[in-house]
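Notes for the one structure printed next.
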Amino acid sequence: MNTPRRALLRLLPALAFVGSLLPAVAQGQDPSEMFGQTAYPVGANPQGLARGDLDGDGAVDLAVADRFTSTVSVLLGQGDGSFGASTQHPTGIQPMAVVMADLDGDGLLDLASADSGSSSVSVLINLGGGSFAAPQSYGVGQLPVDLVAGDLDGDGLVDLAVAHDSVSTPISILHNSAGGFGAPEVLDSGFCASAVEVGDLDADGRLDLLVADCSQLQLRAYAGAAGGGMDQGVAFPLSSDPSGLAVLDANGDGNLDVAASCLSSNEVCLLLGGGDGSLGAAQAFPAGFMPLQIAAGDVNGDGADDLVTSNFGSGDVTLMLGDGQGHLGQPLSMQAGLFPAGVLIGDTSGDGIADVTVANAFSNDVSVFTAVTPPWTELGGAVEGRAGPLALEVEGLPRAGEIVYFTARTARTKKKPAQLVIGYDELNMPFKGGLLVPSPDRVLKIKTNKPFGMAWPQLPVGSSLYFQAWLRPSAKIGIPSASGALRGVTQP
């Protein structure tokens, strides 16, 4: 968002500069600087989450499994990252998870929940406009705790795979047909499942099934068979009991990888895929205390998949930034509501930047962490004139009242005078296509190779200023040098 030029000219009659101060300690960006957080009330003890456009208006909506009220809460998105008041829709007893998928082929996203208290799956058909038909109940095995939607038998219809905390029926599949779902197919036995996910691990065009085996501390992968159905599962050891699963491309090779939140070891286990159905040995990365659920997506816009876990033991959310090479950074804590459970990564505001959504089990609400535009962006446009290369460095956050330090960096040993050029809006940025603007909005004299402090003005959050440094050659003739430009976006 850019504040209109006329308003900026009123707000900035004189910027406050403190060039005599020492530079501040460089501030690494933390999660509180990356997201703005808003909480939305839902039903009691919310658990699983799902996202998608339920009412056909182009905005992302949310669905939440409310365990203690035996409902699914629906929050319709407003298109700007905010949501309206939740409405509750009945399910079976104690739903633990919810998915969105077009289950009847009418082009609208329907809802399905895993109801642990009634050993059933509830299907809520979308009637349009955010309304749903009464739930259709399908009996499955005991204690269903998670489910995932996908065409698992290759007939073009969306099926449901269910994870059960039950040794006799750990995995069941509800196959879809023109008449609805039939009796569940029990896929395996002898272990307890805590989570289920789908993805094409072997790149054969068929969905494979991934199951978190929490009783035998492993991941189970079931390959989609050529004639429909699933091949026998293959087990991959993990560091401890897995409670959640996510698929991603952690190393940028185009093959699906798998991440599991490992509850007892306080770790995330990452298994890199070979593209042929194989998974490498689990790499363990520290996470929060007792990570419960996990989600993958690019939250910082660098093109690499990141991970977020909800931590039952520490009551927070952990962000783990990926480097695109198969490694995860140190865990960064974000405070949400009380005891976060379900977690999602995805764009809720329509700005193309992934946000984080968390269901808070004990505060009966959903926290939406909306990604904030990065505080500083390099825009290029440098010109190497007779004065040689010139770079503009910055330290600090563009936040109202905080000090930001600029340094015009040059190879010249003496602190020659330079000019810090400021543009108030995008139409009058300090540079245009690498050419210097003859009449920028503001020009200030600074010394090269010395930090120059500026108090960020009282601007609305999201508004921008543009900066570039200029340096003339010693003879004051010839083409001046110019640094690349920087855009600073006012932070909350």
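The values are calculated or read from the model by the stated rules, or taken from the named source; none is laboratory data. Treat the numbers as computed from the prediction; the structure is a model and nothing was measured. Neighbour counts are summed over all protein chains in view; Cβ atoms, including those assigned to glycine, are modelled from backbone coordinates with ideal geometry. Areas reflect the complete protein model, heavy atoms only, side chains present, ligands, DNA and RNA absent. Shrake-Rupley method; radii C 1.70, N 1.55, O 1.52, S 1.80 Å.
Descriptive notes on the structure:
- 222 nm mean residue ellipticity, helices alone, for the chain (DSSP H n ≥ 4; -39,500 (n - 2.57); rounded to 500): -500 deg cm²/dmol
- Spin-label proximity, S215 to the range 154-185 - amide N less than 15 Å from point 7 Å beyond Cα toward beta carbon: 163-172
- Only protein atoms count toward the accessible area here, which uses a 1.4 Å probe; on the range 55-105, the carbon and sulfur part of that area reaches 51 percent.
- Net charge dipole size for the chain [Lys, Arg +1 and Asp, Glu -1 on Cβ; Debye, nearest 20]: 4260
- Cα→Cβ-extended label distance, 7 Å offset, between A44 and S168, nm: 2.9
- Label zone at S131 (point 7 Å along Cα-to-Cβ), backbone N below 17 Å, the range 87-102: 87-90
- Positive dipole terminus of the chain, leading residue within F181, L328, A482 (C-beta point charges): A482
- Stretch gain in nm, segment Q330-D106, where the contour uses 0.36 nm per residue and the Cα spacing is subtracted: 76.2 nm
- For the chain, the longest piece that avoids every one of the trypsin sites (Lys or Arg not before Pro) found in DSSP loops with at most 10 other C-beta atoms within 10 Å covers 1-413.
- Classification of the range 58-171 by its C-alpha gyration tensor yields an oblate form. The axis ratio a/c (a ≥ b ≥ c) is 1.5 or more, and b/c is at least a/b.
- Using a simple spin-label model with pseudo-atoms 7 Å out from Cα toward Cβ, D302 and D351 lie 1.9 nm apart.
- Accessible surface area normalised per residue over the range 131-221 is 36 Å², counting heavy atoms of protein chains with a 1.4 Å rolling probe.
- Overall form of the range 198-307 per C-alpha gyration tensor (a/c, 1.5; a/b vs b/c): oblate
- Chain lengthening between S177 and Q458 when straightened (0.36 nm per residue, less Cα-Cα): 95.2 nm
- Efficiency of FRET between D204 and Q78 - r from beta-carbon atoms, R0 35 angstrom, step 0.05: 0.30
- For the pair A226 and S264, a Förster radius of 35 Å applied to the C-beta separation gives a FRET efficiency near 0.40, rounded to the nearest 0.05.
- Rounded Å value of the spacing that divides the Cα centres of the range 283-341 and the range 197-257: 20
- For F362 and D276, a Förster radius of 35 Å and the Cβ-Cβ distance give a FRET efficiency of 0.20, rounded to the nearest 0.05.
- Alpha carbon centroid spacing (whole Å) that separates the range 91-147 from the range 47-68: 12
- Gain in span if fully extended, D253 to K450, counting 0.36 nm per residue against the direct Cα distance: 66.6 nm
- Using the Cα coordinates of the chain, the gyration tensor eigenvalues translate into equivalent-ellipsoid semi-axes of 51, 24, 20 Å, sorted from longest to shortest.
- Oblate is the label for the range 117-179, because the ratio a/c of its alpha-carbon gyration tensor axes (a ≥ b ≥ c) is 1.5 or higher and a/b is not greater than b/c.
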